[in-house]
């Protein structure tokens, strides 16, 4: 479960797991709870969330919502429970398990084409329309009808999108990698573009994994992303100690002066 949590955390950071504001705040709070634990006002400065790089575009509004959820809703949760909550929330998203590619639709609006094990989805404003199965592709091709048009930012991005689609379909649909033939693009895409699949397909990976006999691996949590947070907590404590000593010194000085005046 921990490895899946790390993968989803990486997808969130790189913007691959698209989600609405409320879900993004909850996912971010789960990550903070899993890596930092409960909020402690004596250890955590006011801007402690800014030390966590959770999203590619991390606004102040989002950080404030993450703070609210972390300090209240997730208090008392151990790291494993916080990680499980992240997995459960991510599993409910329309974009879960989707490889999104940015593009423009026929109106010029921003959209994403996402590939899944069944086919592809069109993502608009973090919401996905129903799946288009791979069988639909063959029907469209045989009918010689173009029903959907999308534009990428560059020709290279379009070619990459086509290769990802072909590779994704081959990985999930074929039983053996030896069955996959070299694919050439039609005139709709790029003349002369070819794709040759390398590696194993999903069924081969699953079959090979089921034959592995070994003890479950011991996974150690990676806290490298919290080193900056730890340093900031130390600085915060240091400043608190300095303030405490200054206050004590001021108090002792005042008492000393008062005692001298009393003598005279």
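Descriptive notes on the structure:
- Test: residue in segment 84-98 that is buried (at least 22 other Cβ atoms within 10 Å of the Cβ), modelled with pLDDT of 90 or more, closer than 30 Å to residue 167 by Cβ and under 15 Å from the mean Cα position of the chain (by Cα): yes
- Count - residues of segment 39-58 that are under 21 Å from the mean Cα position of the chain (by Cα) and exposed (fewer than 11 other Cβ atoms within 10 Å of the Cβ): 3
- Selection count where residues are over 19 Å from residue 152 (Cα atoms) and modelled with pLDDT under 85, scope segment 176-191: 8
- Matching residues, segment 169-183, being closer than 15 Å to residue 196 by Cβ and part of a helix (DSSP H, G or I): 169, 170, 171, 177, 178, 179
The values are calculated or read from the model by the stated rules, or taken from the named source; none is laboratory data. All figures in this text were calculated on a predicted structure; none of them were measured in a lab. Cβ sites come from the backbone with ideal geometry, for glycine too, and all protein chains shown count toward neighbours.
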